[in-house]
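To start, the structure under review is shown below, and the notes come after it.
The values are calculated or read from the model by the stated rules, or taken from the named source; none is laboratory data. In this text, all values refer to a predicted model and were calculated from it rather than measured experimentally. We place every Cβ from the backbone using ideal geometry, glycine too, and count neighbours over all the protein chains shown.
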Amino acid sequence: MTPELQKKVDAGLRLLQAAEQMARKVGQPVEIAYSGGKDSDVILELARMSGINYRAIYKNTTIDPPGTTKHAKENGVEVRMPKMNFKQIIEKRGMPGRLRRFCCEILKEYKILDYAVVGVRRDESTAREKRYKEPEICREYNSKEKARIYMPLLDFTAKDIEAFIEARGIKCHPLYYDQQGNFHVERRLGCMGCPLVTPKRRIAEFKEHPGMVRLYVNAAQKFFDNHPDSKMRAYIDNAAEWFVMSLYCNSIADFKLRFKDNNLFGQNTDCKQFLETEFGITLQSAPNPDSVSDHQPDSVSDHQPDSVSDHQPDSVSASRPNSDIR
C-alpha cells in the first residue's frame, strides 16, 4: 500500500475503534452492514484488523445477484431475511419505480443495532459527495428509531479499494471477476433490476436474468387484479403493459405514443407478446396461486437470485442503514 492509502486505512481503523467505544456504552457490538459488494468486503477486513467487537450482518433482499448469500456465509457473515420477499411486496403494493422506492424501506432500510458501519465512498457519485461531508452521521429510520452511522471508506477512491483488496488478499464476490480471473473494481452489486439504475443497464440485467421479468409481471398482475380502484387502470390494461411502461418509457405519454392507441404504427402493441419475444420467456395470462416455487423468479437455469425458500422471513428487524449503500 502507498503511504497515502495507509493513512486512509489508519484513519478508518481509528473511526471503527471510536464507534466500538460508543457501542460498548449501550452494551452492543458494532454492526457491519454487509451487502456482499467489494466495499463491504473492505470494511469487514478493516473491522477484523481493528480488533473491535462487531456483528457483520447481510440483509438478503431476495433479489440480490446469485452467489451473494454464499459469499456472505463464506466470510462468516450473519444472513437475515426480510419480513416480506420482493414478490410479496409487489403483490401488496404494486411495481416499484424511481419515485416509488418502498421496496428499499421494507427490504433493507431498517435498524438492528445503534451503531453501524457502512461502505459509502464519496467518489461513487456527485450526490454522495454532496451528501456526506463527515464520516459519521445520525440516521433516522422513523420517529422512534435512530442509529449512528460510520463511514470509514468515505475518502477511499476506487483505486484505493482495488489496491487494498490486492494488498490484503481479499476474495470478492465472483461477479467482480471476468472469465480470466481479472478483478474489475468498476463493477457494482445491487438488487437485480433496480429501477434506480439506467434503463440500459436494467434491460441488460433482465436479459441476463429473464426469470425476473416473469416475477415482476406475475406479481404485478396479482396486485392489479386485487386492486380494481388502482389509478394505474386509467393508463394500462394489465401488468405486462405496466412493466413495459416502467422499463422502456419516460412517461405515460411516451408509453401511449410507442405502445398504445396512438403509437407510431397506428395500433396497440401486445406487451405480453413483446416481453416474451424480447426476453425469451413465456408469460402466463394470470399469476399462479402462491407456492414456494412461485416465490422464485424462474428455474435455476434462469439464474435466479439467492433463494427465498432457503430462508424463512425473520421476525426480528434486520437493517442496512441506507438504500444507496452497497
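Here residue 125 passes the criteria (1) at pLDDT below 95; (2) closer than 27 Å to residue 163 by Cα; (3) in contact with a Cys (Cβ under 8 Å, 6 or more places away or on another chain) except the one numbered (3). Does residue 4 count as acidic (Asp, Glu), exposed (fewer than 14 other Cβ atoms within 10 Å of the Cβ) and out of contact with any His (no Cβ under 8 Å at 6 or more places or on another chain)? So residue 4 fits the description; yes.
The condition of being closer than 24 Å to residue 176 by Cα, among the hydrophobic types (A, V, I, L, M, F, W, C) and crowded, with 17+ Cβ neighbours inside 10 Å holds for only one of 32, 52, that being 32. Identify all residues within segment 171-226 that are within 18 Å of residue 64 (Cβ to Cβ) and among the aromatic types (Phe, Trp, Tyr); write none if there are none. 176, 177, 206, 216, listed by residue number. Among the residues making up segment 121-142, those that are over 17 Å from residue 13 (Cβ atoms) and assigned to a loop (DSSP other than H, G, I, E, B) are 125, 132, 133, 134, 141, 142. For residue 291, the conditions (1) surrounded by 15 or more Cβ atoms within 10 Å (Cβ to Cβ); (2) within 24 Å of residue 92 (Cα to Cα); (3) at pLDDT below 90 all hold with the exception of (1). Of the residues making up segment 143-166, those that are in a loop (DSSP other than H, G, I, E, B) and either modelled with pLDDT of 90 or more or under 18 Å from residue 22 (Cβ atoms) (or both) are 145, 151, 152, 153, 154, 155, 156, 157.
Scanning segment 204-250 for residues that are among the hydrophobic types (A, V, I, L, M, F, W, C) and closer than 26 Å to residue 59 by Cβ yields 204, 206, 212, 213, 215, 217, 219, 220, 223, 243, 247.
Against the numbered list (1) within 13 Å of the chain's Cα centre (by Cα); (2) outside any loop (DSSP other than H, G, I, E, B); (3) within 27 Å of residue 218 (Cα to Cα); (4) not small (Gly, Ala, Ser), residue 65 comes up short only at (2).
Check whether at least one residue in segment 30-43 is within 20 Å of residue 186 (Cα to Cα), among the acidic types (Asp, Glu) and either out of contact with any strand residue (DSSP E or B) (no Cβ under 9 Å at 6 or more places or on another chain) or assigned by TED's automatic domain parsing to the domain that holds residue 110 (or both), and report yes or no. Within segment 30-43, one or more residues are within 20 Å of residue 186 (Cα to Cα), among the acidic types (Asp, Glu) and either out of contact with any strand residue (DSSP E or B) (no Cβ under 9 Å at 6 or more places or on another chain) or assigned by TED's automatic domain parsing to the domain that holds residue 110 (or both). Within segment 1-19, residues that are in a helix (DSSP H, G or I) have Cβ atoms under 6 Å from residues that are among the polar types (S, T, N, Q) and surrounded by 13 or more Cβ atoms within 10 Å (Cβ to Cβ) in these pairs: 13/50; 16/50; 17/50, counting only partners at least 6 apart in sequence or on another chain. Looking only at segment 73-110, residues that are without any contact (Cβ under 8 Å) to a residue 24 or more places away in the chain and part of a loop (DSSP other than H, G, I, E, B) come to 2 in all. Criterion applied to 27, 36 was being in a loop (DSSP other than H, G, I, E, B), over 27 Å from the mean Cα position of the chain (by Cα) and modelled with pLDDT of 95 or more, and the one residue passing it is 27. Taken together, the residues in segment 208-239 that are within 23 Å of the chain's Cα centre (by Cα) and over 19 Å from residue 89 (Cβ atoms) amount to 2.
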